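First up is the structure itself, then whatever we jot down about it.
The values are calculated or read from the model by the stated rules, or taken from the named source; none is laboratory data. Just so you know, these numbers come straight off a predicted model, no measurement behind them. When we count neighbours, we look across all protein chains shown, and the Cβ atoms used for this are built from the backbone with ideal geometry, even at glycine.
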Amino acid sequence: MTQQSLLIYNLPVLFNILNEIKENLNFDLYQIKKEEITNVNKKTYGNFVILTNVNEKLIVSKNQIVFEDKPTKIGYLVEKINLKLHRQKFSEHSKVEIGGYNLDINSRIISNEENSLKLTEREIDIILYLKDSKQSENVENLQKKVWGHNSNLETHTVETHIYRLRKKISETFQNDEFIISSKSGYKIL
């Protein structure tokens with residue numbers, strides 16, 4: 001599971017309050033100083049949110065919550081932090097890199113630097129299944145894993161979907177080798 005962290009900047013009293021209840025929090029808690037802000041990264045903190053006050057609002061980070069100096073219920077603040085971390089995690093997991101392409105699962109768009117293509121949900125499922133597969137996948141495996149059908153059903157549905165997907169990618173990206181077919185099945189390189 002990805003680490004989730006709350007970095008509190010220039011709010012020592014709030015840090016002390018949250019530190020007292022940290023065993024009830026769904027994120028790690030850190031107090032950071034001004035000189036540490038430029039070194040904040042995902043590698044060290046995982047998904048993170050920086051909590052600041054109005055006077056210390058940071059320009060360098062979109063991952064921040066600005067704490068108003070008015071009274072706030074601690075439960076509301078923790079809920080707001082958890083929501084921000086959850087959205088960040090969801091957004092991060094919705095983007096997949098495949099070769100020279102970026103696949104946004106939420107918007108169902110595959111793109112490279114020049115072009116983008118809208119895909120169907122089934123096409124996304126096919127791409128993700130083939131991407132995660134170590135070897136070529138035959139039509140029967142695709143039927144079972146992507147469609148959830150028994151192997152005694154007709155295979156034309158799978159073949160038609162693969163054909164149309166390959167054609168769309170070829171027309172948009174001029175790439176005939178995104179999905180490779182062989183005697184043993186289909187594979188994404």
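Kindly list the number of the only condition in (1) in a helix (DSSP H, G or I); (2) surrounded by 16 or more Cβ atoms within 10 Å (Cβ to Cβ); (3) modelled with pLDDT of 85 or more; (4) out of contact with any His (no Cβ under 7 Å at 6 or more places or on another chain) that fails for LYS187.
If we test LYS187 against (1) in a helix (DSSP H, G or I); (2) surrounded by 16 or more Cβ atoms within 10 Å (Cβ to Cβ); (3) modelled with pLDDT of 85 or more; (4) out of contact with any His (no Cβ under 7 Å at 6 or more places or on another chain), just (1) comes out false.
Report whether or not TYR101 is loosely packed, with under 14 Cβ neighbours inside 10 Å and either under 30 Å from LEU18 (Cβ atoms) or outside the structural domain of GLU20 (by TED's automatic domain parsing) (or both).
The answer is no for TYR101.
Report those strands (runs of 3 or more DSSP E) wholly inside region 32-129 carrying at least 1 residues which are among the small types (Gly, Ala, Ser) and under 30 Å from LEU165 (Cα atoms).
Correct list: 109-111, 116-118.
Conditions (1) free of Cβ contacts under 8 Å to residues at least 12 places away in the same chain; (2) of a type in the set (A, V, I, L, M, F, W, C); (3) out of contact with any helix residue (DSSP H, G or I) (no Cβ under 6 Å at 6 or more places or on another chain), marked per residue:
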residue	(1), (2), (3)
GLU68	no, no, yes
VAL78	no, yes, yes
SER94	no, no, yes
TYR101	no, no, yes
THR160	yes, no, yes
LEU165	no, yes, no
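Would you say LYS84 is among the basic types (Lys, Arg), at pLDDT 85 or above and under 30 Å from LEU25 (Cα atoms)?
yes
Would you mind telling me which numbered condition in (1) touching a helix residue (DSSP H, G or I) at 6+ places or on another chain (Cβ under 9 Å); (2) closer than 27 Å to ASP104 by Cα LEU25 fails?
Here LEU25 meets the rest and fails (2).
Take region 1-42 and flag every residue that is without any contact (Cβ under 8 Å) to a residue 12 or more places away in the chain, under 19 Å from ASN53 (Cβ atoms), charged (D, E, K, R) and surrounded by 10 or more Cβ atoms within 10 Å (Cβ to Cβ).
GLU36 - this is the single residue of region 1-42 that is without any contact (Cβ under 8 Å) to a residue 12 or more places away in the chain, under 19 Å from ASN53 (Cβ atoms), charged (D, E, K, R) and surrounded by 10 or more Cβ atoms within 10 Å (Cβ to Cβ).
Checking the conditions here, which among LEU77, LEU85 is assigned by TED's automatic domain parsing to the domain that holds LYS62, under 30 Å from LYS22 (Cβ atoms) and under 16 Å from the mean Cα position of the chain (by Cα)?
LEU85
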